[in-house]
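Asks: Mind looking over this structure? Questions follow.
Coordinate-derived values only; no laboratory data. The structure presented is a predicted model; accordingly, all values stated were derived computationally and were not measured. With ideal geometry, Cβ positions are generated from the backbone for all residues, glycine too; neighbour counts draw on all protein chains shown.
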């Protein structure tokens with residue numbers, strides 16, 4: 001027993017001091033970080049009380065600070081200061097915050113000056129005792145943690161969640177989740193983190209460069225909102241995708257930075273002026289005459305999976321109520337002349353000219369209207385389908401003259417293509433399938449690839465016999481992104497387009513939190 005005691009207790013003492021020395025107190029850590037001996041008298045109980053008061057005060061001043069409530073409920077020690085004070089990270093953080101104007105941010109959004117003043121005060125150490133430092137420590141811990149989180153969040157995900165400001169934004173952009181705060185605040189090296197999150201894409205840097213050099217406030221606003229759009233993390237998984245930019249009225253098929261093909265498009269018509277006011281009136285009256293039009297093409301992401309040749313058009317209820325009903329009631333031959341069939345309870349009505357339209361409330365029409373394939377079909381000869389909740393698709397058109405217009409926001413919401421057969425050729429990897437499309441369209445076989453790429457569909461009003469709809473499933477789906485950019489870089493300069501849907505203004509208002 002004596003031998004055991006003689007061996008055990010010295011070993012236990014050695015273990016105790018090793019463990020104790022490997023787990024220094026908060027005060028010892030503060031001495032190491034701030035270089036001042038007064039922190040050896042650090043009292044966690046007194047500090048905790050001061051911290052709670054400072055946190056509540058700062059939350060009243062800036063309610064967004066409350067986002068840290070859960071984090072600090074588990075740990076109110078000045079952990080961020082201990083790990084990153086001075087050259088270990090906080091100096092780099094204040095440097096990035098001070099230069100955040102390069103992203104269109106106001107540095108004071110992040111309390112930059114206040115953080116710098118707190119750092120100066122703690123470095124000066126003009127405290128008679130450690131108790132006098134608690135308020136400054138608590139403020140710096142809270143504000144520097146908050147600034148780090150907001151700055152990194154803005155660069156990683158954007159300032160604004162577009163789904164919260166745009167009624168027709170249907171792209172699942174990535175947002176900070178519940179793990180973002182603990183993950184970021186547990187960073188081992190915030191200098192590396194701050195450097196890594198800087199946006200380095202060519203598009204962003206090009207806009208940023210012009211933004212910094214411009215003295216024109218209106219131009220800077222346009223550049224700022226488009227820089228924000230580039231901060232949104234889109235669900236693209238490949239560098240090969242089709243992009244439709246609504247303000248540019250153009251489709252581009254990209255493969256990385258290379259353009260596979262491009263063409264003009266027509267997009268949805270701008271919604272009625274004072275739409276928000278008018279829709280409230282309609283909600284009260286229920287009268288379709290009061291219902292304002294909103295045919296704007298939504299922003300979407302999906303994968304083109306199917307192509308239809310000689311498509312039929314199942315006319316949407318909204319168009320049936322506002323246009324088809326009115327025209328059919330006005331002219332009994334309208335439906336026949338436009339090759340529109342009418343169904344009632346899934347049964348074809350043989351002679352729709354006999355329908356007494358005045359008997360039906362157009363808000364509750366019991367009919368389905370289908371425009372058959374043919375020269376006058378509004379969808380033209382090809383339709384490109386991709387799953388989406390807005391029932392939007394790409395299609396040919398029987399009105400080719402529309403592509404000569406400067407303002408091509410004229411459709412009911414779907415996207416009309418200038419060169420649909422070109423697009424079909426590029427996204428159909430299987431040449432045999434493409435030849436079948438050609439056959440179904442009643443066209444002559446095309447031998448040369450160049451001929452296939454450049455062919456333009458023309459309406460032949462004499463084509464006989466009537467061609468039937470045919471569906472083609474693609475071997476490989478093609479990503480499609482319908483976006484809204486009013487400024488972007490191209491060939492060494494910035495291209496600007498008119499804000500056709502006034503979306504820049506709405507985004508600019510939402511971005512006021514960083515101005």
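Asks: I want to verify the translational diffusion coefficient of the chain in µm²/s; compute it with Stokes-Einstein, Rh as the Kirkwood radius over Cα pairs, at 4 °C and 1.567 mPa s.
Replies: After rounding, the answer is 46 µm²/s.
Asks: If you don't mind, there's one more thing I want to ask. So if R0 is 41 Å, what FRET efficiency would residue 259 and residue 106 give, r being the distance between their Cβ atoms, rounded to the nearest 0.05?
Replies: 0.65
Asks: Which log10 I(q)/I(0) values, to two decimals, does the stretch 26-107 give at q = 0.14, 0.15 Å⁻¹ under the Debye formula with one point per Cα?
Replies: Computed log10 I(q)/I(0) values: -0.64, -0.72.
Asks: What's the angle, to the nearest 10 degrees (0 to 90), between helix 202-213's Cα axis and the longest principal axis of the chain?
Replies: That works out to roughly 70 degrees.
Asks: Moving on. Given R₀ = 51 Å, FRET efficiency for residue 314-residue 124 by Cβ-Cβ distance, to 0.05?
Replies: 0.10
Asks: Per the helix-only calculation at 222 nm, which mean residue ellipticity applies to the chain, given -39500 (n - 2.57) for every DSSP H run of n ≥ 4 and division by its residues, nearest 500 deg cm²/dmol?
Replies: My calculation for the chain gives -11500 deg cm²/dmol from helical runs alone.
Asks: In addition: Could you tell me the center-to-center distance, by alpha carbons, between the stretch 333-349 and the stretch 200-240 in angstrom?
Replies: Result: 49 Å between the Cα centres.
Asks: Relative to the longest principal axis of the C-alpha atoms of the chain, give the angle of the C-alpha long axis of helix 431-440, reported between 0 and 90° and rounded to the nearest 10°.
Replies: Helix 431-440 sits at roughly 40 degrees to that axis.
Asks: Helix 217-231 against the longest principal axis of the chain: what's the angle in degrees, Cα atoms only, rounded to the nearest 10?
Replies: Around 90 degrees separate the two axes.
Asks: How fast does the stretch 241-296 diffuse by Stokes-Einstein, in µm²/s, taking the Kirkwood radius from C-alpha pairs at 25 °C and 0.890 mPa s?
Replies: 179 µm²/s
Asks: Based on the Cα atoms of the stretch 282-377, what semi-axes does the equivalent ellipsoid have, where each is the square root of 5 times one gyration tensor eigenvalue, given in whole Å with the largest first?
Replies: The three semi-axes for the stretch 282-377 are 24, 22, 12 Å.
Asks: Set the Förster radius R0 to 25 Å, insert the Cβ-Cβ distance between residue 276 and residue 326 as r into 1/(1 + (r/R0)^6), and round the FRET efficiency to 0.05.
Replies: 0.45
Asks: Grab the eigenvalues of the alpha-carbon gyration tensor for the stretch 20-196, scale each by 5, take roots, and send me the semi-axes largest first in whole angstrom.
Replies: After scaling each eigenvalue by five and taking roots: 31, 17, 16 Å.
Asks: Percent of Cα-Cα pairs more than 17 Å apart in the stretch 279-321, please.
Replies: Everything past 17 Å amounts to 60 percent.
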